[in-house]
Amino acid sequence: MKAVIFGAPGAGKGTYASRLQSRLNVDVIAMGDIFREMLKEDSELGRKVKSYVEKGMLVPDYIVNEVLKQRIAKVPPSKGFILDGYPRTVEQADTLDSITGIDVVILLMVPDWIIIERLSSRRICRNCGTVYNIRFLKPRVEDVCDKCGGELYQRSDDTPEVIKNRLQVYEAQTQPILQKFREKNIPFVVAVCDKLEMPPENVVEQIVRDLERLKLA
Ligand SMILES: [Zn+2]
């Protein structure tokens, strides 16, 4: 299965992707994580990425695309993948199409009020970027990352007004990309999470059932 996952910031995309990873035995290709890793390693591509990030500039598409191409090539043929954080533009959607075919789009639908409620309780690891939630996804030790022992912090822009604005920007950017996939007749699996306390397992099972129906799981 070659899937792309979409969900608004705060929809829990990372959480669902990593649960689907173990449930379906697929790779998760999270562009954000890949770049974080690259900043630490001393490779030619890594140094290029670093030079942009250090200047506070966006990493140009030709580098992002190259990184993606290299990562997709590493996926074992027996395994599929879930792509997270790409494509972010219509141009990237076209590039993806030229790199590899996509079997399914997984779309998370979460109402704004739930995202706002969740984000205000979100904590992030300063070191590895793992996301926690002090209500639903607590670390074992308060304010300490389970994975690397790093310090957890709250983003200063996790306020309702800023979040609402971010959601609007996301919608405007994402709709044309989704439209591209629809035009190519790629099936959508839509997972709806409309309750604040909905366990992630329920959402994951919804997705798996639909993937099975499409013979992708
Ligand atoms: Zn960490």
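The values are calculated or read from the model by the stated rules, or taken from the named source; none is laboratory data. Keep in mind that this is a model prediction, so the values were computed, not measured. Methodologically, a virtual Cβ is constructed for each residue, glycine included, from the backbone with ideal geometry; neighbour enumeration extends over all protein chains shown. The protein model used for the area step is the full one, side chains on, heavy atoms only, and it has no ligands, DNA or RNA in it. Shrake-Rupley method; radii C 1.70, N 1.55, O 1.52, S 1.80 Å.
Worth pointing out:
- Residues being assigned to a loop (DSSP other than H, G, I, E, B) and more than 17 Å from the chain's Cα centre (by Cα) - total across the range 173-217: 14
- Test for I115: is it on the phi < 0 side of the Ramachandran plot and open to solvent by less than 60 Å² (accessible area, probe 1.4 Å): yes
- Note on the range 199-215: among residues that are free of Cβ contacts under 8 Å to residues at least 60 places away in the same chain and not polar (S, T, N, Q), the one that is nearest to L137 (Cα to Cα) is P199.
- Residues that are of a type in the set (V, I, T) and at pLDDT 90 or above, drawn from the range 117-131: I124, T130
- Test: residue in the range 158-172 that is away from the ligand (no atom under 16 Å from the Cβ), acidic (D, E), part of a loop (DSSP other than H, G, I, E, B) and within 22 Å of A30 (Cα to Cα): yes
- Cβ-Cβ under 8 Å pairs, at least 6 apart or on other chains, the range 141-152 side under 12 Å from N127 (Cβ atoms), far side within 6 Å of the ligand (Cβ to nearest atom) and open to solvent by 50 Å² or more (accessible area, probe 1.4 Å): C145/N127; C148/N127; G149/N127; G150/N127; E151/N127
- In summary, strands (runs of 3 or more DSSP E) completely within the range 100-145 and bearing 2 or more residues that are aliphatic (A, V, I, L, M) and more than 10 Å from the ligand (Cβ to nearest atom) occur at 104-109.
- Residues being under 22 Å from G101 (Cβ atoms) and surrounded by 15 or more Cβ atoms within 10 Å (Cβ to Cβ) - total across the range 192-217: 6
- Per the conditions (1) modelled with pLDDT of 95 or more; (2) more than 16 Å from the ligand (Cβ to nearest atom); (3) exposed (fewer than 14 other Cβ atoms within 10 Å of the Cβ), the sole criterion not satisfied by C148 is (2).
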